[in-house]
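Here's the structure, in structure tokens; my notes come after.
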């Protein structure tokens, strides 16, 4: 009887798991269902094993597309940077409790890709800080974020004295009927 029950516990799941996948009613198509492969061409220069810049940003979806455009086009870094996107970006670097996590990812990039420049982009209304409302005023938010950017820069230079560190503060702004992302270089 015990062997029979063991067989049922093995056979029944094997029967229903494939059926569950076959009856997936998800509205989005799954490219891997038919073993399709996706290939995207890249710049031949991208195949190299090093780059000179690391960019650190927050994961906030509101800024993601603008960040990529800013990094690739405005800063001219296309195909020449590593990118760490982590909730809160600098919040995690200036916070002693989470600093080691970011430094461990950063150290790997420096070691493997010969990083000599870091660009840190943080934004207003960041959820890691509790959003804009948690600061009490726009001035307090701006002062706190700029101070944290400068502290992050000091921490990085303390650990890696030869690094060039550039800081940016971004914010959403309504221009006419369009919301745009503004980037401000912080000295």
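The values are calculated or read from the model by the stated rules, or taken from the named source; none is laboratory data. Predicted model, so just to flag it, every value in this text is computed and none were measured. As a convention, Cβ positions derive from the backbone with ideal geometry for all residues, glycine included, and neighbour counts pool all protein chains shown.
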Among the residues of segment 96-145, write down those that are touching a residue at least 24 places away in the same chain (Cβ under 8 Å), part of a helix (DSSP H, G or I), out of contact with any helix residue (DSSP H, G or I) (no Cβ under 7 Å at 6 or more places or on another chain) and within 24 Å of residue 68 (Cβ to Cβ). 106, 109, 110, 112, 113, 127, 145
Right, residue 70: buried (at least 18 other Cβ atoms within 10 Å of the Cβ) and either more than 17 Å from residue 124 (Cα to Cα) or within 14 Å of the chain's Cα centre (by Cα) (or both) or not? no
Filter result for residue 121 (at pLDDT 90 or above, surrounded by 14 or more Cβ atoms within 10 Å (Cβ to Cβ) and under 15 Å from residue 53 (Cβ atoms)): yes
Residues (surrounded by fewer than 13 Cβ atoms within 10 Å (Cβ to Cβ) and more than 15 Å from residue 148 (Cβ to Cβ)) located in segment 97-107: 100, 104
Checking the structure you have, find out if any residue of segment 134-156 is surrounded by fewer than 16 Cβ atoms within 10 Å (Cβ to Cβ) and within 17 Å of residue 53 (Cβ to Cβ). no
Can you tell me how many residues within segment 57-95 are under 22 Å from residue 150 (Cα atoms), without any contact (Cβ under 8 Å) to a residue 40 or more places away in the chain and not in a helix (DSSP H, G or I)? 9
